[in-house]
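Student: After the structure tokens below, expect a handful of questions from me.
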Amino acid sequence: MSHYHAVVWLDHNEAHVMHISPDDVEKSVVSPAEPHRNLHRKRGSVSGSRQPEDQHYFHEVVEAMKGATEMLIVGPGQAKLELIKHIHAHDPDVAKQVIGVETVDHPSDAQLVAYARKYFVAKDQMMS
């Protein structure tokens, strides 16, 4: 790999951010300030409204991702899509560095790094 990459696995409770270079991996974990709240609409609720996403949490995740030239965002549910929406709205320069969004269950950190390395190698080969 000739680039410096980052992969983030996240759900609404935690984000694992891995900066991956050919020789090293740097890990950080970001957690929201408040515990996860149910974000889904409840049938029959008075307001029918949805609780807002934790923008501060997404901002902290983006900050942890900075410094990479290419980024991969993965996770099991909607949080990865909400992060992408946040990035497009608040960090358009970072949005240009996101090269993929994938659904991935709950890998170990080693499995996440292996998945990301394979993904970035395949992406680099397609671009050549």
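Taken together, the values in this text are just the output of simple stated rules run on the coordinates, not laboratory data. Model, not experiment: these values are computed from the prediction. When we count neighbours, we look across all protein chains shown, and the Cβ atoms used for this are built from the backbone with ideal geometry, even at glycine.
Student: Identify all residues within region 86-103 that are over 11 Å from the mean Cα position of the chain (by Cα) and among the β-branched types (V, I, T); write none if there are none.
Tutor: Of everything in region 86-103, those that are over 11 Å from the mean Cα position of the chain (by Cα) and among the β-branched types (V, I, T) turn out to be V94, I99.
Student: Here's another thing I want to ask about it. For residues that are closer than 18 Å to V74 by Cβ and among the small types (G, A, S), scanning just region 10-33, find the one that is surrounded by the fewest Cβ atoms within 10 Å (Cβ to Cβ).
Tutor: Filtering first and then ranking leaves S31.
Student: What pairs come up if the first residue lies in region 53-70 and is under 15 Å from L81 (Cβ atoms), the second is among the hydroxyl-bearing types (S, T, Y), and their beta carbons are under 8 Å apart, counting only those six or more places apart or on different chains?
Tutor: Within 8 Å, the pairs are Y57/S31.
Student: State all residues of region 71-93 that are hydrophobic (A, V, I, L, M, F, W, C) and either surrounded by fewer than 20 Cβ atoms within 10 Å (Cβ to Cβ) or touching a residue at least 40 places away in the same chain (Cβ under 8 Å) (or both); if no residue qualifies, say none.
Tutor: Hits for region 71-93 are M71, L72, I73, V74, A79, L81, L83, I84, A89.
Student: Here is a follow-up. Restricting to region 72-85, name every residue that is more than 23 Å from K123 (Cβ to Cβ) and more than 10 Å from the chain's Cα centre (by Cα).
Tutor: Of everything in region 72-85, those that are more than 23 Å from K123 (Cβ to Cβ) and more than 10 Å from the chain's Cα centre (by Cα) turn out to be G77, Q78.
Student: I'd like to verify a number: residues in region 94-117 that are in a strand (DSSP E or B) and either surrounded by 13 or more Cβ atoms within 10 Å (Cβ to Cβ) or of a type in the set (G, A, S) (or both), how many?
Tutor: Looking only at that region, the number is 5.
Student: Another one. What tally of residues in region 87-128 results from selecting those that are among the β-branched types (V, I, T) and farther than 23 Å from E60 by Cα?
Tutor: 1
Student: Can I ask one more? Only one of (1) outside any helix (DSSP H, G or I); (2) in contact with a Phe, Trp or Tyr (Cβ under 8 Å, 6 or more places away or on another chain); (3) within 15 Å of L10 (Cβ to Cβ); (4) not β-branched (V, I, T) fails for G67. Which number is that?
Tutor: (3)
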